[in-house]
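Undergrad: The structure under discussion is supplied below as structure tokens; questions concerning it will follow.
The values are calculated or read from the model by the stated rules, or taken from the named source; none is laboratory data. As the structure is a computational prediction, the values presented were derived from the model and not from experiment. We work out accessible area using only protein heavy atoms, side chains counted, and drop any ligands, DNA or RNA first. Shrake-Rupley method; radii C 1.70, N 1.55, O 1.52, S 1.80 Å.
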Amino acid sequence: MPTKTLVASAYAAQLARRAAQYGVDIGAAVRIDMATVRQRAATVTLNARRGVEQWLQQMPNCTVVRGQARFESATQLRVGDGS
């Protein structure tokens, strides 16, 4: 998800740089505000995660467990430090 958001920002910058080819005069050089780009990527990711989490919570027989997880085997997942 964050990669797609970063690519979208790069695409927008590229279009802005080529605006004159389309008859659009944007004036000064195009500048990238990476702090804003990163914040947008983080916001998009957070919103997507929240949406998926809400969807899962509404599913019957689905338990949402929060925490850091790791696979113990091909069929077993551990959440938390196990203590």
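Undergrad: Within the chain, what whole-number % of the accessible surface is contributed by carbon and sulfur, with the 1.4 Å probe and all protein chains included in the calculation?
TA: 55
Undergrad: Continuing with the same structure: For every helix of n ≥ 4 consecutive DSSP H residues, a contribution of -39,500 (n - 2.57) applies; sum these over the chain, divide by its total residues, and give [θ] at 222 nm rounded to the nearest 500 deg cm²/dmol.
TA: Helices in the chain give a 222 nm mean residue ellipticity of -16500 deg cm²/dmol.
Undergrad: I'd like the orientation of helix 2-17 relative to the chain: the angle between its Cα long axis and the longest Cα principal axis, in ° from 0 to 90, rounded to 10.
TA: Around 0 degrees separate the two axes.
Undergrad: Now for a separate question. Given contacts defined as C-alpha pairs under 8 Å and at least six residues apart, what's the relative contact order of the chain, whole-number percent?
TA: Answer for the chain is 23 percent.
Undergrad: Order the following by accessible area, largest value first: Glu53, Glu72. Probe radius 1.4 Å; ligands, DNA and RNA are ignored.
TA: Reading off the accessible areas and sorting them downward yields Glu72, Glu53.
Undergrad: Follow-up. Does anyone have the angle between helix 34-57 and the longest principal axis of the chain? Alpha-carbon axes, 0 to 90°, nearest 10?
TA: 40
Undergrad: For Val52, what accessible surface area do you get with a 1.4 Å probe? Give it in Å², rounded to 10.
TA: Roughly 80 Å² of Val52 is accessible to a 1.4 Å probe.
Undergrad: For the stretch 13-83, report the accessible area per residue in Å² (1.4 Å probe, heavy atoms, rounded to an integer).
TA: Heavy-atom SASA per residue in the stretch 13-83 reads 87 Å².
Undergrad: Which entry is the computed Rg/Rh (Cα atoms, Kirkwood Rh) for this structure: (1) 1.15; (2) 1.24; (3) 1.68?
TA: Step by step, Rg/Rh (Cα atoms, Kirkwood Rh) for this structure corresponds to label (2).
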